[in-house]
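Derivation of every value follows stated rules applied to the coordinates shown; laboratory data play no part. Keep in mind that this is a model prediction, so the values were computed, not measured. Positions of Cβ are backbone-derived with ideal geometry, glycine not excepted, and every protein chain shown enters the neighbour counts.
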Amino acid sequence: MENLENRENRRRVALVVTGRVQGVFFRRETRREAQKLGLSGWVENRPDGSVRAEAEGPSTQVGALIRWCRRGPAHARVEEVRVTEIPATGSEGFLIRD
């Protein structure tokens, strides 16, 4: 029963973060925050200057990462965070993609 309950509370989101978010350790700090929250997924820089990420885990922790992304690390200047709900995949670990 506990496993079913955990799966039902799992959430996965795709995030696109715009603003001054490259060259300010956004990917590294996103991974650190996601790992602290026990989330899986990945984060990458995009050619258009944005950062894209997918994060999966308990809904409360995913919400905490979204709130963190709206601030970002110290030198970031976040303009917008677009959040799209996507199907959970059951992935493990949180990677920085090159």
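Summary table
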{"quantity": "The chain: calculated mean residue ellipticity at 222 nm from DSSP helix runs of at least 4, using -39500 (n - 2.57)", "calculated": "-10000 deg cm²/dmol"}
{"quantity": "Reciprocal mean inverse distance between Cα atoms of the chain - Kirkwood radius, Å", "calculated": "13.3 Å"}
{"quantity": "Principal-axis tilt of helix 59-71 within the chain, Cα atoms, nearest 10 degrees", "calculated": "10 degrees"}
{"quantity": "Helix axis angle, 26-37 relative to the chain longest principal axis, alpha carbon, degrees", "calculated": "20 degrees"}
{"quantity": "Within the chain: Cβ-based charge dipole about Cα centre, in debye rounded to nearest 20 (Lys, Arg +1; Asp, Glu -1)", "calculated": "400 debye"}
{"quantity": "Projected label distance in nm at GLU80 and ARG97, using a 7 Å step from Cα toward the beta-carbon", "calculated": "2.1 nm"}
